[in-house]
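The values are calculated or read from the model by the stated rules, or taken from the named source; none is laboratory data. In this text the structure is predicted, and so the values were computed from the model without any measurement. Every residue, glycine among them, receives a Cβ derived from its backbone with ideal geometry; neighbour counts consider all protein chains shown.
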There are 2 protein chains.
Amino acid sequence: MAGALPPPGPPASIDEALALVRARGGRVTAPRRLLLEALFTSPAHRSAEDLAAEVQAVAPDVHLSTIYRNLEELERLGVVVHSHFGHGAATYHLAGTAHAHFLCEHCGDAIEAPVGVLGPFVAAAERTLGFRVDPFHFAIPGRCAACASAPPPPAV
Amino acid sequence: MAGALPPPGPPASIDEALALVRARGGRVTAPRRLLLEALFTSPAHRSAEDLAAEVQAVAPDVHLSTIYRNLEELERLGVVVHSHFGHGAATYHLAGTAHAHFLCEHCGDAIEAPVGVLGPFVAAAERTLGFRVDPFHFAIPGRCAACASAPPPPAV
DNA sequence: TTGCCACTGCGAACTGCTCGCAACACCACC
DNA sequence: GGTGGTGTTGCGAGCAGTTCGCAGTGGCAA
């Protein structure tokens, strides 16, 4: 690739992410590299604990708090984003793949939301309330098609 | 489970709520009554801890876990609902006053959402994905008008 | 009045996350 | 190829919010 172009969006590779880390004075360490490898090798949403397990499969000494600190740092640099699915732990994924989620509270299934569904809602919220919705940070709860069509469970 | 007692809507008074408790075999106890009083005397959103403090102002011995257990029970009976504001504790309020919330992640302000803003979005989600959105359970994050117009904080 | 059992208070435990601290090791500079 | 400053790490304690187990209490039907 050409020389000194600052990446306009989120980094597309581990090396680009590490360059970003270096650019703001950070250092390239083994836990950091392993965490990035875990993030880049799969687009899935994983909790900090899942990611820690993946890193620890290679380097068992890496501590959970190191994972949290690195995720926080990478989020500040725009490499990853986190979102919340229901009541449980936060999940992390690459910033480039940010998208909204619908979470079925019945079967636990998460549906990745095409932006088109949210666009009019986001626009309406801004027009009516001046509120700029961030639809990525929290999953939108409800019932998926399969569970919605099934008879609702008894109230007790 | 046998639907011998279909309550048409959420109870409108403490006594109605207690009748509901009795109808499913429950008992009317002092902590339960005090909790309902706290819930019915103000429409505000309060955390379990806030509600415990209100109850404990009258009956200091009531334990926080009793509050949680009663809230769970009342939720099962359809008397209260809980919702989540950002990362903090869950908040509880009467089921009859359910409404969506927009939560500003910058100043922490919560805006109660007129249903009109959400209607088209809920309809679109159902039409496109078959997904039945429950917009009440989690606050919708973003930036309020004041914070959105202010210059965004530097990325680092 | 009696007795069953729903409910309570209490404290420990759990989950998800953050913090303080001393030791370590990356890397700019020589 | 050293060397030193300092960013990062591992560790463990601690926090908030919530749940659980247990033995004792007391509401209420009979």
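Annotations for the structure displayed:
- Within region A:17-49, the set of residues being under 14 Å from residue A:64 (Cβ atoms) and more than 10 Å from DNA strand C (Cβ to nearest atom) comprises A:34, A:35, A:38, A:46.
- Exactly one residue among A:121, A:102, A:131 is at pLDDT 80 or above and farther than 19 Å from residue B:116 by Cα, and that residue is A:102.
- Among the strands (runs of 3 or more DSSP E) confined to region A:24-106, the ones with at least 1 residues that are aromatic (Phe, Trp, Tyr) and free of Cβ contacts under 8 Å to residues at least 60 places away in the same chain are located at A:90-94, A:100-104.
- Within region B:37-46, not a single residue is touching a helix residue (DSSP H, G or I) at 6+ places or on another chain (Cβ under 8 Å) and among the β-branched types (Val, Ile, Thr).
- Of the residues making up region B:108-140, those that are within 19 Å of residue A:145 (Cα to Cα), in a loop (DSSP other than H, G, I, E, B) and either within 8 Å of chain A (Cβ to nearest Cβ) or touching a Pro at 6+ places or on another chain (Cβ under 8 Å) (or both) number 5.
- Identity of the residue in region B:23-76, near DNA strand D (Cβ under 9 Å from one of its atoms) and β-branched (Val, Ile, Thr), that ends up nearest to residue B:109 (Cα to Cα): B:67
For every residue, the table says whether it meets (1) of a type outside the set (A, V, I, L, M); (2) in contact with a strand residue (DSSP E or B) (Cβ under 8 Å, 6 or more places away or on another chain); (3) within 16 Å of DNA strand C (Cβ to nearest atom).
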site	(1), (2), (3)
A:83	yes, yes, yes
A:106	yes, yes, no
A:118	no, yes, no
A:121	yes, yes, no
A:126	yes, yes, no
